[in-house]
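The values are calculated or read from the model by the stated rules, or taken from the named source; none is laboratory data. Since we're looking at a predicted model, the values are computed, not measured. Virtual Cβ from ideal backbone geometry, glycine too; neighbours counted across all protein chains shown. Side chains included, ligands, DNA and RNA excluded: accessible areas come from the protein's heavy atoms. Shrake-Rupley method; radii C 1.70, N 1.55, O 1.52, S 1.80 Å.
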Amino acid sequence: MSVRIMSVIPRSPADKAGIKAGDTLITINDNEINDVLDYQFYASDLKLVIGLDRRTVKVKKKEYEDLGLEFETYLMDKKQHCKNNCIFCFINQMPKGMRDTLYFKDDDSRLSFLQGNYITMTNLSDSDVERIIKMKLPMNISVHTTNPELRAQMTCNPNAGKCLQYLYKMAGAGIELNTQIVLVPGFNDGKELERTLTDLCSLFPAVKSVAIVPVGLTKFRDNLPKLKLFDKESATEALKTIELFGDMMYEKYHTRVVYPSDEFFLLAEKPMPDYEYYEDFDQFENGVGMCASLLKEFVDALRIKREYNETDSEERRVSIATGVLASPLLKSLADMIENDFPNTKVNVYTIINDFFGESITVAGLITAGDIINQLSPYKSELGDYLLITENMLKSGCDLFLDDKTVSDVEEVLGTKLKAVPTDGYELLDAIIYGR
């Protein structure tokens, strides 16, 4: 396969070597270039022989210096679409009429390495796995179960069980693997969860972490399999199993490896673990340890401001809109702020997810419409600005899931909206200084 070069960065090694936009990249040091992984891996050498469509060019570059070629797409070809139809797939549970990009299900090993996406391995071929091993690329794998028949059933893909061989092959080659399990009551919990965790823990240290998250079900499940949500009792039982394996791994290897998502503690009505429980926070993006991390950072930030005798000289009223999961924690942080900064008043509003259904409790899936509808009665009480988590917005822009913008919310509620990362230091600064 060859890839057309769309542009060349000025004064880059490629530019100095005379490579031009419109040239076709075929090889680097006699290695065929098919996509971004090939390009990044083989272009890392200091001396390169670039095979183009009509000529060969020699390039010298410094260590870590970018070659300077740009292509039509980030991956240099199309994203790989998921071939599964998982019984719990969130995308299948979305209503019609949303923007097209929200319905695309990727299952691309390149995005697993480059962006941390999780893959099921059903798109992998033997040559893909060999390349992953050759390049020593860490992978994020959606396992769900190590029972081949059950995995095929849950993904509605007969090949999903067979491709578990790739998991064992990559682990045997020492590829670092972060794994996840979407736990569905009556399917892969109970004895099946014990089997899966036993198998994954046996692959340590290649399997660096296992995150277990409860299935999320929206109200848009017409013509989809009938599934149950976790309740207090079933979440407590699942949590016992997860904690048992985590404790076993910690006792044997001094690292937990196995972690429940924060939602399990909420569902089981158990206190969240301390910050140290989560070690390196390998599964932060899976909602594992977000509450503990936010609390620790916020308390540390408050302590620093006390030490420097920082005060709030002006009266300020701030509001926070969040989901059911994070609401109790944010209310406790608001109390801390008001104790240390008496001129600052913080109102925390719990937004019920009417758009997807009340069982969806994470803040990142809250829509602008729900914020507007539920906070409109409190317009006069919102104060100087309204804070939300930046996870509610499309990456790099101000668009909510329902295609309404930050400006739409500001116009209706009559207050400034500010998106804040999941970071205790930035949250404190946003509350006190509005920045």
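List of remarks:
- Residue satisfying all of: in segment 273-292; closer than 19 Å to VAL215 by Cα and part of a loop (DSSP other than H, G, I, E, B); farthest from the chain's Cα centre (by Cα) among these: GLY289
- Taken over segment 407-426, residues that are under 18 Å from GLN374 (Cβ atoms) and open to solvent by less than 20 Å² (accessible area, probe 1.4 Å) amount to 4.
- Selection of segment 26-74 for residues being of a type in the set (Ser, Thr, Tyr), farther than 16 Å from ILE9 by Cα and outside any helix (DSSP H, G or I) yields THR27, SER44, THR56.
- Complete set of residues in segment 147-166 that are surrounded by 15 or more Cβ atoms within 10 Å (Cβ to Cβ) and among the basic types (Lys, Arg): ARG151
- Here LYS208, LYS252, LYS226 are screened, and the one residue that is open to solvent by 60 Å² or more (accessible area, probe 1.4 Å) and within 28 Å of GLY424 (Cα to Cα) is LYS208.
- Complete set of residues in segment 5-43 that are touching a residue at least 12 places away in the same chain (Cβ under 8 Å), open to solvent by 40 Å² or more (accessible area, probe 1.4 Å) and under 22 Å from ARG131 (Cβ atoms): ILE26, ASN29, ASP30, GLU32, ASN34, PHE41
- Exactly one residue out of LYS219, LYS270 is farther than 27 Å from ILE87 by Cα, open to solvent by 80 Å² or more (accessible area, probe 1.4 Å) and assigned to a loop (DSSP other than H, G, I, E, B): that is LYS270.
- Residues that are in a helix (DSSP H, G or I) and open to solvent by less than 70 Å² (accessible area, probe 1.4 Å) were ranked within segment 173-193; the one that is farthest from TYR118 (Cα to Cα) is GLY190.
- Residue in segment 99-106 that is surrounded by 15 or more Cβ atoms within 10 Å (Cβ to Cβ), more than 16 Å from LYS16 (Cβ to Cβ) and among the acidic types (Asp, Glu) present: yes
- For segment 275-327, the set of residues classified as within 27 Å of LEU413 (Cα to Cα) and loosely packed, with under 15 Cβ neighbours inside 10 Å consists of SER313, GLU314, GLU315, listed by residue number.
- Residue satisfying all of: in segment 210-263; aliphatic (A, V, I, L, M) and within 19 Å of ILE91 (Cβ to Cβ); nearest to the chain's Cα centre (by Cα) among these: VAL213
- Residue within segment 82-97 that is among the aromatic types (Phe, Trp, Tyr) and open to solvent by less than 30 Å² (accessible area, probe 1.4 Å) present: yes
- Boolean, MET121 is open to solvent by less than 50 Å² (accessible area, probe 1.4 Å) and at positive phi: yes
- Test: residue in segment 126-134 that is touching a strand residue (DSSP E or B) at 6+ places or on another chain (Cβ under 9 Å), touching a residue at least 60 places away in the same chain (Cβ under 8 Å) and open to solvent by less than 10 Å² (accessible area, probe 1.4 Å): no
- PHE113 farther than 29 Å from VAL182 by Cα, of a type outside the set (Gly, Ala, Ser), surrounded by 12 or more Cβ atoms within 10 Å (Cβ to Cβ) and in contact (Cβ under 8 Å) with a residue 24 or more places away in the chain: no
- Qualifying position, being outside any strand (DSSP E or B), open to solvent by 30 Å² or more (accessible area, probe 1.4 Å), touching a Lys or Arg at 6+ places or on another chain (Cβ under 8 Å) and closer than 27 Å to LYS296 by Cα, among ASP403, ASP429: ASP429
- Of all residues in segment 53-81, those that are modelled with pLDDT under 90 and open to solvent by 80 Å² or more (accessible area, probe 1.4 Å) total 8.
- Among the residues of segment 125-163, the one identified as aliphatic (A, V, I, L, M), part of a loop (DSSP other than H, G, I, E, B) and either more than 24 Å from ILE91 (Cβ to Cβ) or at pLDDT below 95 (or both) is LEU137.
- Out of GLY357, GLY364, GLY396, GLY383, sole residue that is part of a loop (DSSP other than H, G, I, E, B), closer than 18 Å to ALA419 by Cα and open to solvent by less than 60 Å² (accessible area, probe 1.4 Å): GLY383
- Subset of segment 36-67 (residues that are more than 29 Å from the chain's Cα centre (by Cα) and small (Gly, Ala, Ser)): GLY51
- Flag if ILE352 is at pLDDT 95 or above, in a loop (DSSP other than H, G, I, E, B) and within 27 Å of GLU285 (Cβ to Cβ): yes
- Unmet criterion (only one of (1) part of a loop (DSSP other than H, G, I, E, B); (2) surrounded by fewer than 17 Cβ atoms within 10 Å (Cβ to Cβ); (3) modelled with pLDDT of 95 or more) for SER376: (1)
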